[in-house]
Amino acid sequence: MVQILLVSEAGEDHESFRELLADPACGLPGDGPWVLRSRHSIASALAVLEGHPVPIVLSACELGSDTWREMLDALAAFSRPPLLIVISRLDDEGLWAEALNLGVYDLLVKPFDADEVGRILGQAWRRWAERDEAEAAKSPRYKTAHAS
């Protein structure tokens, strides 16, 4: 099971992603279902992340008085920060360049395209898994357990 967290004030974003994750045409990889966790604010998203490792966070550009930048800053405080994908209504090259430059994984433009969502989420999940494996290989506990 792969959990993702969507943070958006727009109810249609949450509904669209539920439908996309249930659509086999989306072509999501993994050994099980993709589960969407939905929140409407950074504070409520952080409460979820405190108790559950989530590899991917999708954030709307605007979150009330906050933005994706505040979400990115908040995620950086975690020892294993999830990858952040920003959701925008506009295909804005300036936003895309700024977001990637600051450490966002990618940008999704609304209306969502099933192929693009599947491709980006799949790549993000693989990147997370590779990063997790690399971190585990660096861990002294991992090395000791596998040295025998």
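The values are calculated or read from the model by the stated rules, or taken from the named source; none is laboratory data. This one's a predicted model, so the numbers in the text were calculated from it and none came from an experiment. In this analysis, Cβ positions are derived from the backbone assuming ideal geometry, glycine residues included, and neighbour counts consider all displayed protein chains. Side chains are part of the model used for accessible areas, which takes the heavy atoms of the whole protein and leaves out ligands, DNA and RNA. Shrake-Rupley method; radii C 1.70, N 1.55, O 1.52, S 1.80 Å.
Some observations on this one:
- Once C-alpha pairs closer than 8 Å and six or more residues apart are averaged by separation and normalised to the residue number of segment 65-130, the relative contact order reads 30 percent.
- With q set to 0.09, 0.12, 0.19 Å⁻¹, the log10 of I(q)/I(0) for the chain, from the Debye formula over equal scatterers at the Cα positions, is -0.28, -0.50, -1.18.
- Assuming charge only on the beta carbon of Lys and Arg (+1) and of Asp and Glu (-1), the dipole of the chain about its Cα centre is about 820 debye to the nearest 20.
- Based on protein heavy atoms only, the chain ends up with 56 Å² per residue of surface accessible to a 1.4 Å probe.
- Relative contact order (%) - the chain, alpha-carbon pairs under 8 angstrom, separation at least six: 24 percent
- Accessible-area order (highest first, 1.4 angstrom probe) of the listed residues His40, His52, His14: His40, His52, His14
- Computed over protein heavy atoms with a 1.4 Å probe, the carbon and sulfur contribution to the accessible area of the chain reaches 51%.
- Separation between Cα centres of segment 1-65 and segment 86-106, rounded to whole Å: 18 Å
- Acute angle (nearest 10 degrees) that the helix 11-22 long axis makes with the longest principal axis of the chain, alpha-carbon atoms: 50 degrees
- Antiparallel content of DSSP bridges confined to the chain, in %, to 5: 10 percent
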